[in-house]
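Worksheet: the structure to be examined is printed underneath.
The values are calculated or read from the model by the stated rules, or taken from the named source; none is laboratory data. This one's a predicted model, so the numbers in the text were calculated from it and none came from an experiment. Here the Cβ positions follow ideal geometry from the backbone for every residue, glycine too, while neighbour counts run over all protein chains shown. All accessible areas refer to the heavy atoms of the entire protein, side chains included, with ligands and DNA or RNA removed. Shrake-Rupley method; radii C 1.70, N 1.55, O 1.52, S 1.80 Å.
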Amino acid sequence: TNNVDWIGGFFQSEISSGPATAYAMFGYSTIKYKHTNHFKAADTLADGSPDLNSGEFVLESDQIDGIQVKGGYSYRADENFTLFGNAGYVSNVPILDAVINDQVSELIPDPQNEKITSLEAGVHFDDKKGLSHLKLSGYYTMWNERTVTNNEYDLEGNEGLIVITGMDATYAGVE
């Protein structure tokens, strides 16, 4: 049995003055994972055999915190065109599989938050007659310390969990 104890919240603010609008947000979350193996004893005897009177085996992770910060600005140049830009940063808490290997009831050492930094800028065009709406934007995102987990099987059919950490990726484009 796996439990995910998670709580979080965010604060967001926006201010407008004439053709300009700015916003900012901050979010915080904290998570703790717990794994109970109902088929494994909590303790072993001196001879290495399971102590059947010791209860079920339980693992708990440390509390892991994450944050989100984002801000943006838009400017209405005229009745048809609006320019915009925003930037953000996320320290994303790892998923359960990157913290606890529940197949063998072990904590994964030193789980790391994924770190995502993003930038976006562009222009909106709105035809006031309602005939057309266009948006052109460019984005650049750096996703660092990414973690991927996958269940794999060996040649004898034994299942195992593969955890790959520390991957970095960059995404950029125009839409």
query = Quick one: net charge of residue 94's neighbours, Cβ under 11 Å, K/R +1, D/E -1?
reply = -3
ask   = Over the Cα atoms of region 69-175, how large are the radius of gyration and the largest Cα-Cα distance (Dmax), in Å?
value = 21.2, 68
query = Where the only charges are on Cβ atoms (+1 Lys, Arg; -1 Asp, Glu), what is the dipole of region 8-130 about its Cα centre, to the nearest 20 debye?
reply = 640
ask   = What accessible surface, in Å², does a 1.4 Å probe find on residue 1, ignoring ligands, DNA and RNA and rounding to the nearest 10?
value = 90
request  = Compute from the Cα atoms of region 1-159 the Rg and the Dmax, the latter being the longest Cα-Cα distance, and quote both in angstrom.
outcome  = 24.4, 83
key: Between region 118-142 and region 68-96, the alpha-carbon center distance in angstrom   = 12
task = Give me the net charge of residue 44's neighbourhood, meaning all other residues with Cβ under 14 Å from the Cβ of residue 44; Lys, Arg count +1, Asp, Glu -1.
result = -3
request  = Over region 64-175, average the accessible area per residue using a 1.4 Å probe and give it in Å², no decimals.
outcome  = 63
ask   = Using 1/(1 + (r/R0)^6) with R0 = 30 angstrom and r between the beta carbons of residue 62 and residue 119, what's the FRET efficiency to the nearest 0.05?
value = 0.40
request  = Averaging sequence separations of C-alpha pairs under 8 Å and six or more residues apart, then dividing by the length of the chain, give the relative contact order as a whole percent.
outcome  = 15
ask   = Roughly how many percent of the accessible protein surface of the chain is carbon and sulfur, given a 1.4 Å probe and a whole-percent answer?
value = 55
request  = Can you pull the one-decimal nm distance between simple spin-label points at residue 11 and residue 170, each 7 Å off the Cα toward Cβ?
outcome  = 3.4
